[in-house]
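Presented below is the structure to which this report refers.
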């Protein structure tokens, strides 16, 4: 019996649904305080505690229907559990706010280490996604490394200097928009270093 194809909406819903749910729950509960086990927790901590299992459930469903998770998704899940768990355990929102910093420092550091060795680890992970020459992958990796490190610095500046609500807006929409805009601005790189046209010419 033929397998039922995965609906196109499933992947984006499972990836971004928990983030939007966190945002909506935060706006709803941000001004409330909950007494649990004799300890008072503000809305941010309660929402963080709920976000962790919701995110893991969505990743499990995504793995079940697609058969795989990317390395980035796995690392993100681990850091969410670690830093989200620390925030809940110590009743301190700073740990969860540092989570994007750690994610981007880790990814930027890994890509930077690969560049230092003269390799593009990005190409190793995404070679089947974008048809780029080796030179194109190296350029894109260099730019993405600096971009990730820049996001790590920006996240630190936002959560340390701005209000909690401002950081939540930044985390929900700002970081997503920044990543989208980054790849939108790489159009010339994709055109100049694409191997797709060469492959088509060779096939003719």
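Peptides 103-110, 18-25, 67-74, 172-179 ordered by packing proxy, namely the average of other Cβ atoms within 10 Å per residue, highest first: 103-110, 18-25, 172-179, 67-74.
Axis angle, to the nearest 10 degrees, between helix 10-29 and the longest C-alpha principal axis of the chain: 30 degrees.
Where [x] 33, 18, 17; [y] 36, 21, 15; [z] 24, 20, 18 are the candidate values, the label of the one calculated here for semi-axes √(5λ) of the Cα gyration tensor in Å is [y]. In terms of other Cβ atoms within 10 Å, 120, 194 run from fewest to most in the order 194, 120. In the chain, the longest principal axis of the Cα atoms and the axis of helix 71-90 are about 10 degrees apart. To the nearest ten degrees, helix 134-161 and the longest principal axis of the Cα atoms of the chain are 20 degrees apart. Look at where the Cα atoms of the stretch 162-196 and of the stretch 76-147 average out, and the two centres are 14 Å apart.
Among 31, 92, a tally of other beta-carbon atoms within 10 Å of each Cβ gives an order, fewest to most, of 31, 92.
Bear in mind that the values in this text are calculations on the coordinates, not laboratory data. Everything quoted here is computed from the prediction, not taken from an experiment. Cβ atoms come from the backbone with ideal geometry, glycine included; neighbour counts cover every protein chain shown.
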